[in-house]
Amino acid sequence: MSIRAANPGDAPTILRFIQELADYEKEPDAVEVTADVLRAQMESERAPFECLIAEEGGEPVGFALFFQTYSTWRGKPGLWLEDLYVTPAARGNGHGAALFKRLGQLCIERDYARLELCALDWNEPALAFYRSWNATPMSEWTTWRLDGEALQRLAAS
């Protein structure tokens with residue numbers, strides 16, 4: 001088992017993992033990104049995300065896609081974990097834990113204030129996984145989103 005930083009050539013693999021995760025989260029038609037878009041973003045001067053790849057025997061079996069945030073109260077950057085996914089056949093072998101540990105290490109190495117993420121309320125395996133690492137649910141906070149038409153209306157107002 002190994003964890004490595006993804007490179008632009010991993011874009012098709014990252015897209016496959018994104019689609020598998022969307023399928024698992026019961027949103028199979030929600031994925032709009034393409035491998036070409038991911039590759040171009042990873043090749044850009046200021047990539048909007050970073051990604052780790054978990055491998056077993058040289059074959060990709062999972063990923064963690066993340067980006068930098070900022071804590072105004074702490075005056076330090078943080079890390080937002082957008083997606084953590086391990087293929088069903090590779091689950092239970094420590095790949096998810098290895099990816100999550102590496103994210104924690106990156107936070108410490110970079111002097112980040114925190115690691116944050118969201119998990120679906122019904123995804124009990126994910127909730128149990130994050131609880132096992134002493135992650136704290138932010139029960140007093142509600143995530144809000146504007147996208148699509150709502151975002152267009154806001155921008156035009």
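Where a number appears in this text, it was derived from the coordinates with a stated rule and is not lab data. These numbers come from a predicted model, not from an experiment. Cβ coordinates were reconstructed from backbone atoms using ideal geometry, including for glycine residues, and neighbour counts include every protein chain displayed.
Placing pseudo-labels 7 Å out from each Cα toward the beta carbon at residue 101 and residue 71 gives an inter-label distance of 2.3 nm. Placing +1 on each Lys and Arg Cβ and -1 on each Asp and Glu Cβ, with no other charges, gives region 2-156 a dipole about its Cα centre of roughly 640 debye. Counting neighbouring beta carbons within 10 Å and listing from fewest to most, the residues 53, 14 come out as 53, 14.
Taking every Cα-Cα distance in region 98-157 and sorting them into 5 Å bins from zero, the calculated P(r) comes out as 4, 13, 18, 18, 14, 13, 10, 8, 2, 0 percent. Each of 4, 102, 153 was scored by other Cβ atoms within 10 Å of its Cβ. Listed from fewest to most, they are 153, 4, 102. When every Cα-Cα distance of region 2-156 is counted in 10 angstrom steps from zero, the calculated P(r) takes the values 9, 35, 39, 15, 1, 0 percent. Placing dummy labels 7 Å off each Cα toward the beta-carbon, the span from residue 108 to residue 152 is 4.8 nm.
Projected label points at residue 140 and residue 40, each 7 Å from Cα along the beta carbon direction, are separated by 4.3 nanometres. Given R₀ = 22 Å, what would the calculated FRET efficiency be for residue 128 paired with residue 25, taking r from the Cβ atoms and rounding to 0.05? Approximately 0.85, to the nearest 0.05.
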